[in-house]
1. Taking the square root of 5 times each eigenvalue of the Cα gyration tensor, what semi-axes in Å does the equivalent ellipsoid of chain A have, largest first?
2. Rounded to the nearest 20 Debye, what is the dipole magnitude of region A:3-208 about its Cα centre when Lys and Arg each give +1 and Asp and Glu each give -1 at the C-beta?
3. What is the set of long-range amide H partners of A:Gln303 at a cut-off below 5 Å, with H atoms built 1.01 Å from backbone N?
4. Relative contact order for region A:3-208: what is it in percent, counting Cα pairs under 8 Å that are at least 6 residues apart?
5. Amide H neighbours of A:Thr314 under 5 Å, at least 5 residues apart or on other chains, H built in the peptide plane: list them.
6. Using a 1.4 angstrom probe on heavy atoms only, work out the carbon and sulfur share of the accessible area of chain A in %.
7. Among A:Asn280, A:Asn177, A:Asn25, which one moves the most in a GNM of chain A with springs linking Cα atoms closer than 10 Å?
8. Which loop GluC sites (Glu not before Pro) in region A:7-75, with loop taken from DSSP, have no more than 11 other Cβ atoms within 10 angstrom of their Cβ?
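The values are calculated or read from the model by the stated rules, or taken from the named source; none is laboratory data. Quantities reported herein were computed from a predicted structural model and do not represent experimental measurements. FYI the Cβ positions are ideal-geometry reconstructions off the backbone, even for glycines, and counts take in every protein chain you see. The protein model used for the area step is the full one, side chains on, heavy atoms only, and it has no ligands, DNA or RNA in it. Shrake-Rupley method; radii C 1.70, N 1.55, O 1.52, S 1.80 Å.
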Amino acid sequence: MKFSNTLVYWYLQNNRELPWRKSKNPYFIWLSEIMLQQTRVAQGLGYYLKFTSTFPTVFDLAKAEESTVLKMWQGLGYYSRARNLHFSAKHIAQELNGEFPTSYAEIIKLKGIGDYTASAIASICFNEPTAVVDGNVYRVLSRYFGIKTATNSASGIKEFKTLAQTLIDPSQPGTYNQALMDFGALHCKPQNPLCVSCPFSDSCVALEKKLTKELPVKDKKIKVKKRYFNFLVIKTANNKTILTERTGKGIWQGLYQFPLIECEKTVNQKEIIDSEEFANLFPDETTLSLFNSKEIVHKLSHQHLYTQFWIVETKTLKNADILWENIQDFPVPVLIANFLKAFEIVK
DNA sequence: AAATCGTGGTA
DNA sequence: TTACCAAGATT
């Protein structure tokens with residue numbers, strides 16, 4: 001039987017009921033696709049429900065402040081997705097009269113939308129036969145056809161896109177695309193794929209050649225950089241603190257944090273007090289104490305952040321203009337949110 | 001074009 | 001505990 005027929009037949013029996021599948025409104029599909037980039041359905045689901053209820057239309061999203069959008073995105077990671085989403089929402093609302101573009105070629109022009117997302121939206125919402133290639137597709141196709149080309153190489157990306165495009169069912173491209181992804185997520189899983197009960201077991205190259213565990217091939221390992229963060233948690237006598245916005249390049253753009261002293265290694269209390277940054281922040285007398293006796297290691301994909309939170313007590317401070325109770329209104333990284341939770345409990 | 005961008009789950 | 005990696009995009 002044809003690859004697509006077998007696949008779609010499997011999908012009709014095994015597909016997941018997900019809220020965004022009840023609609024073909026491109027705004028909802030767009031939201032779900034952006035949220036699910038490099039993100040599991042289980043993690044993104046709650047955010048999707050929150051966004052669609054708070055921002056039922058693209059105009060509602062466009063009207064919001066960026067910090068509001070980032071606050072709602074807090075905890076989902078890859079925050080450029082939220083900034084680009086908001087940017088494109090404003091573009092659609094203001095320049096496109098609120099009308100979502102209706103072809104792959106137009107959709108991919110939007111900021112934050114690449115080949116995968118444009119293909120997904122075009123196929124699901126507008127029946128355009130453009131094949132999606134995500135992590136699931138790389139895995140299923142590399143195994144089924146026994147392809148050893150690295151999926152993260154320039155040639156691999158091309159090869160798999162071309163192959164996927166030849167396999168798509170042009171009569172139901174959206175269903176086909178989602179079927180391939182669901183099949184990868186639920187059946188042809190990274191570990192312990194269900195080969196025993198697989199509808200492709202008579203023709204899967206990886207199964208025949210016992211290559212399932214070796215495929216897909218991905219080259220290069222990422223290098224993890226170590227960084228040493230010291231956050232200065234100020235609490236003045238009148239219950240105020242300082243938060244700073246992260247700007248420029250690097251992690252957590254647009255999110256807020258306590259004043260940060262970054263060092264080359266783990267430092268002690270004396271080194272903090274003697275530092276130039278500390279002197280600039282606190283010319284007056286202050287007391288300093290380490291909150292976490294054990295260094296917190298916050299792991300990002302490319303960085304390990306060895307973190308200490310220093311509690312600073314001082315009478316008044318002219319830069320401290322944020323009321324402690326209002327911290328919760330600011331978007332913060334999970335590292336900071338976790339600290340705040342722990343600090344509230346101890347306090 | 002290789003590096004970078006988060007967080008959480010799984011084995 | 002570490003390694004992998006999940007509906008990728010950007011620079």
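1. So the three semi-axes of chain A are 46, 25, 16 Å.
2. 480 debye
3. Answer set, sorted by chain and number: A:Lys225.
4. 22 percent
5. Distant-sequence amide H within range of A:Thr314: A:Lys235, A:Ala237.
6. Carbon with sulfur: 52 percent of the solvent-accessible area.
7. Between A:Asn280, A:Asn177, A:Asn25, it is A:Asn280 that shows the largest mean-square fluctuation.
8. Passing sites in region A:7-75 are A:Glu17, A:Glu65.
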